[in-house]
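Each remark here refers to the structure printed beneath this line.
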Amino acid sequence: LVAGPLQVLITMALAGGASWFLGASFSAAVVIGAIVALSSTACVLRLLEDRAELDSPYGRVSLGVLLVQDVAVVPLMLIVTILTTGGTTGEMASQLALSLVSAVVLIGAFYGLFNIVAPRLLRLKTWRRNRELPILLAVVMAMGSAWAAHHFGLSPAMGAFVAGVLLAISPFAVQVRADIEPIKTVLVTLFFAAVGMFADVGWLVANLPLVCGIMGAIVVGKALVVAGVTRLSGAPWQFAAAAGCCLAQVGEFSFVLATIAHGNGGENSLLGDDVFRAMVSATILSLLVTPYLIAVAPVAGGWLVARRGRRASATVADDVPEVGEQPHSRDLIFVIGFGPAGQRAAEDLLATHQQQLVVIDINPENLEIAQRYGLPTHLGDATRSEILEHAEISRANLVIITVPSPLTARKLIHLVRHHANEAIILARSRYHLHRWQLVHAGAHVVVDEEDRVGHELAGAALRALDEPAVE
């Protein structure tokens, strides 16, 4: 919250000031500053995840700054949209006020739809068991938000972005993310393919020295700004320099800002054709060098520490925050499936282990019952790894699987063994036929319903035979 806003403001001021000094109008300079201020969340997070460095100190710093940049996209879109309309200062101020009011009204309406109306619809008896409805509602709401924003004179991209932010805090956010996971790569690929189509390769080759100069200035300038503000916010130099390398590119939302400012490319466009091509080309080149910048990030941090005459190990010991150093203890008891079987299991554990119990279920009604017990809940299909990871299944000491389907139970056992290999797994087998399948899948204890029912019936029969006949 310190480094993020400072990075956006300082980068905008430096890039906008340089553009204004080189002859751009004030409005165009503001737009160029906004374009350069943003980094690529999609590229940086994906690369840090692939390198298993998202949890590193500089990975956490980079993620924090990227989140602030994503939040800053909304006001930046408003500013760029208003600047494109032109007019006097008073007219622009009036337009800004009107746009802000419209944005607040839309956000309030979207919040009500995503967090009040949609959850109530999904609890209807005819809707709650339909697995496709959450993802369909999410798609309709996202597209509707884009259309509503355009209707109110705002950017459709801003409407879609706000819809995504509000969907993220809705009750069915985790399940929606899990459902779109298989097509996420396709959508990201389409997005970057569309970005690549903005490039004019002939113009880029003809003006390669200019584009490389702009790209170099952006990369070096942003790296220095990010490293400076990160160090100012308290991070060690080693991780500040690494974060600077990670965030030195221009982001995907910058294409949206550039497109809004360029418009149809006429005389009233804030960015002329040549400036637009130059910024788009420099942005694409900065994205192409991002994998190499992230690869060199830890090396740059270590080199900087060595230049300052300190050993990297001493810096880590003295300066790294304690947050996240210790692994989570395995102290939780998960109940996957909170139907009658899960409820009975939880009831018997409430007296002694209530603080450890966590419930995962796809049925909102079952989760309402768990919440009345005072238990933390997670809505989603537990056969998706994303749902289990969100619930922190790695902290599991014991997992109780109560779902009746043997196929689902086996899949859950495999997933739990993958994410929490040391956890004790208790599984329900509805039929004796499937008991050994669950045992071979990795369950430590399997409760065989047919076996248990047989013993209960035999016990009841013996008690009935021992009782004296009633005359």
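The values are calculated or read from the model by the stated rules, or taken from the named source; none is laboratory data. None of these values were measured; they are calculated from a predicted model. Backbone-built Cβ (ideal geometry, glycine too); neighbour counts: all protein chains shown. Each accessible area value is taken on the protein alone, full model and side chains, heavy atoms only, with ligands, DNA and RNA left out. Shrake-Rupley method; radii C 1.70, N 1.55, O 1.52, S 1.80 Å.
The angle between the Cα long axis of helix 290-307 and the longest principal axis of the Cα atoms of the chain comes to about 80 degrees, rounded to the nearest 10. Specify the angular offset, from 0 to 90 degrees and rounded to the nearest 10, of the alpha carbon long axis of helix 406-419 from the longest principal axis of the alpha carbons in the chain. It is inclined by approximately 50 degrees. For the chain, the carbon plus sulfur part of the accessible surface works out to 64%, probe radius 1.4 Å. Between the helical axis of 89-112 and the longest alpha-carbon principal axis of the chain there is an angle of about 10 degrees. Using only side-chain charges placed at the Cβ, +1 for Lys and Arg and -1 for Asp and Glu, the dipole size of the chain relative to its Cα centre rounds to 580 debye. Given R0 = 30 Å, the distance between the Cβ atoms of S405 and R120 translates into a calculated FRET efficiency of 0.60. Mean separation of Cα pairs under 8 Å and 6 or more residues apart, divided by the residue count, gives the chain a relative contact order of 14 percent. Placing R330, R277, R46 in order of accessible area, with the largest value first and a 1.4 Å probe, yields R46, R330, R277. In this simple spin-label model, placing a label point 7 Å from the Cα along the Cα-to-Cβ direction at both E422 and D200 gives a separation of 6.1 nm.
Straightening the chain between L1 and E456 buys 157.7 nm, computed as 0.36 nm per residue apart minus the Cα-Cα spacing.
Here, segment 93-247 is characterised by an Rg to Rh ratio of 1.09, where Rg is the alpha-carbon radius of gyration and Rh the Kirkwood radius. On a per residue basis, the chain carries 52 Å² of accessible surface, using protein heavy atoms and a 1.4 Å probe. Multiplying each eigenvalue of the alpha-carbon gyration tensor of segment 381-471 by 5 and taking the square root yields semi-axes of 36, 12, 11 Å, largest first, rounded to whole angstroms.
Its alpha carbons give segment 328-407 an Rg and a Dmax of 11.5, 32 Å.
Mean residue ellipticity at 222 nm from the helices of the chain, using -39,500 (n - 2.57) per DSSP H segment of n ≥ 4 over the full residue count, to the nearest 500 deg cm²/dmol? Computed ellipticity for the chain at 222 nm equals -22000 deg cm²/dmol.
For Rg/Rh (Cα atoms, Kirkwood Rh), the value calculated from this model appears in (i) 0.97; (ii) 1.08; (iii) 1.01 under label (ii).
Here the label points at A42 and L22, each 7 Å from Cα along the C-beta direction, are separated by 2.6 nm in the simple model. With a simple spin-label model that places each label point 7 Å from the Cα along the Cα-to-Cβ direction, the separation between D50 and I169 comes to 3.3 nm. Relative contact order of segment 1-72, taken over Cα pairs closer than 8 Å and 6 or more residues apart, is 39 percent.
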